[in-house]
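For reference, the structure discussed in these notes is given below.
The values are calculated or read from the model by the stated rules, or taken from the named source; none is laboratory data. A quick note: this is a predicted structure, and the numbers were derived from the prediction, not measured. Note: ideal-geometry Cβ built from the backbone for every residue, glycine included; neighbour counts use all protein chains shown.
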Amino acid sequence: MLKIVLDAMGGDRAPAPEIEGALLAARDLDVKVLLAGPPERLKPALRAAGWTTEPIEILPASEVITMEDVATRAVRAKRDSSLRVGIEALKQGAAAGFVSAGNTGAVVAAATLWLGTVPGIARPALATLLPALSGRGALLLDIGANADCKPAMLDQFAVMGAAYVERILGVSHPRVGLLSIGEEDAKGNELTREAHALLRRQDAQRSFAFIGNVEGKDIYAGLADVIVCDGFTGNVALKVSEGLATTLLARFQRELSALPTSARDALAGLERVSRQFDYAEYGGAPLLGARQPVVIGHGRSTGRAIYNAIRVARDAHLRNLNNQIAADPAVAAMLRFPHRNGVS
């Protein structure tokens, strides 16, 4: 049975949502969940949640990395944290994927330090597929792994994102856009202008079409299959979208509650649209460029969100995601041109 290790102490309300999600996954996804955390807390909580014969195992860990911890310092100092124990289990081959709703910076640091990145990739990036009018969605990255980026990093995000949508989603010759404040080439800050120049570079190894700058209003229009940006901008864009979807649905519910029952049927369609922006439905974001499947969820993840994050990690393994990215000719080309692999 495929094993997925879950940081049981990562989320804001851990371990309750993690245990709920682990039980759901063990029952429905044909996986064995390895819960990393303190046994004295996890065993009673599992039993209280109804654990009987579900394939769940506890990986003992005595420490917790909090949201307030300094990422790299914490992963080095807290050697018996649930995060580090879980990543180590993945590294040693005891699991096929790793999931955490904990400190994003710490998860990225641990994955980079102990798992390493795909050869040719300097920094991994978090990616999420957003709904678009085209019907096939747009992959947005980075959404939080790298708050401060250099132009070469955005160039690599484009390569990884294009490899993902082409090899995993089946989009031939994907269109890549650079998120900026205007469509014109010269618009943006120093980062986007320099990244724009790199992305414009003609390269026979590349299998995607760079369509230039795209604005925030274009994210959901279907103009691009991949949209790249720094992790700070991407995280803000994602959370604004989630907040807007929640707010609009609440307002519609309030307005429709005063209408006849027949008119309320319209709410079902609005709820379906809203779910496309619900973090609990997509669960977590895969860390593209890590050597092995790592999925990071919201700190406020519910049990349903944890369940879906485990599903994302399982699917990343089954689809051989990281090797698919490594096999892309544009990624291989970065090894032949070391200056493209740097962030200096």
Could you check the stretch 293-344 for helices (runs of 4 or more DSSP H) lying wholly inside it with 3 or more residues that are under 13 Å from Gly97 (Cβ atoms) and modelled with pLDDT of 90 or more?
303-318
Considering residues of the stretch 216-232 that are assigned to a loop (DSSP other than H, G, I, E, B) and small (Gly, Ala, Ser) only, the residue surrounded by the fewest Cβ atoms within 10 Å (Cβ to Cβ):
Ala221
Members of the stretch 172-204 found to be aliphatic (A, V, I, L, M) and at pLDDT 90 or above, listed by number:
Val176, Leu178, Leu179, Ile181, Leu191, Ala195, Ala197, Leu198, Leu199
Going by what's in this entry, would Ala94 be described as over 20 Å from Ala285 (Cα atoms), part of a loop (DSSP other than H, G, I, E, B) and in contact with a strand residue (DSSP E or B) (Cβ under 9 Å, 6 or more places away or on another chain)?
yes
Leading residue by the ranking (nearest to the chain's Cα centre (by Cα)) among those in the stretch 62-81 that are of a type outside the set (Ser, Thr, Tyr), over 16 Å from Asp12 (Cβ atoms) and surrounded by fewer than 16 Cβ atoms within 10 Å (Cβ to Cβ):
Val70
Is it true that some residue in the stretch 188-209 is of a type in the set (D, E, K, R), without any contact (Cβ under 8 Å) to a residue 40 or more places away in the chain and within 20 Å of Gly234 (Cα to Cα)?
yes
Per the filter on the stretch 117-154, residues of a type in the set (S, T, N, Q) and part of a loop (DSSP other than H, G, I, E, B) are Ser134, Asn146
The number of residues in the stretch 1-43 that are touching a strand residue (DSSP E or B) at 6+ places or on another chain (Cβ under 7 Å), surrounded by 19 or more Cβ atoms within 10 Å (Cβ to Cβ) and modelled with pLDDT under 95 is 1
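Each row is one residue, and each column tells you yes or no for (1) within 15 Å of Val107 (Cβ to Cβ); (2) touching a helix residue (DSSP H, G or I) at 6+ places or on another chain (Cβ under 7 Å).
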{"site": "Val33", "(1), (2)": "no, yes"}
{"site": "Pro38", "(1), (2)": "no, no"}
{"site": "Ala45", "(1), (2)": "no, yes"}
{"site": "Trp51", "(1), (2)": "no, yes"}
{"site": "Pro60", "(1), (2)": "no, yes"}
{"site": "Met67", "(1), (2)": "yes, no"}
{"site": "Thr72", "(1), (2)": "yes, yes"}
For the subset of the stretch 235-261 comprising residues that are closer than 16 Å to Pro131 by Cβ and hydroxyl-bearing (Ser, Thr, Tyr), which member is modelled with the highest pLDDT?
Ser241
Considering only the stretch 216-253, state which residues are polar (S, T, N, Q) and either free of Cβ contacts under 8 Å to residues at least 60 places away in the same chain or over 23 Å from Ala152 (Cβ atoms) (or both).
Thr233, Ser241, Thr246, Thr247, Gln253
Are any of the residues in the stretch 82-91 modelled with pLDDT of 95 or more and either within 14 Å of Ala309 (Cα to Cα) or more than 21 Å from the chain's Cα centre (by Cα) (or both)?
no
Could you grab the pairs with beta carbons closer than 6 Å, sequence gap of 6+ or different chains, first residue in the stretch 132-157 and closer than 23 Å to Pro174 by Cα, second one in a helix (DSSP H, G or I) and of a type in the set (D, E, K, R)?
Pro151/Glu194
Of the residues Ala111, Ala96, only one is touching a Leu at 6+ places or on another chain (Cβ under 8 Å), at pLDDT 95 or above and over 30 Å from Leu179 (Cβ atoms); which?
Ala96
Exactly one of (1) surrounded by fewer than 22 Cβ atoms within 10 Å (Cβ to Cβ); (2) out of contact with any His (no Cβ under 7 Å at 6 or more places or on another chain) is unmet by Ala127. Its number?
(1)
Do the conditions hold for Arg136, that is, is it of a type in the set (Lys, Arg) and either surrounded by fewer than 18 Cβ atoms within 10 Å (Cβ to Cβ) or more than 15 Å from the chain's Cα centre (by Cα) (or both)?
yes
So if I check each of Gly105, Gly170, which one is in contact with a helix residue (DSSP H, G or I) (Cβ under 6 Å, 6 or more places away or on another chain) and surrounded by fewer than 24 Cβ atoms within 10 Å (Cβ to Cβ)?
Gly105
First in the stretch 317-336 and farther than 26 Å from Leu2 by Cα, second anywhere and among the acidic types (Asp, Glu) and at pLDDT below 80, Cβ under 9 Å, 6 or more apart:
Ala330/Asp203; Ala333/Asp203
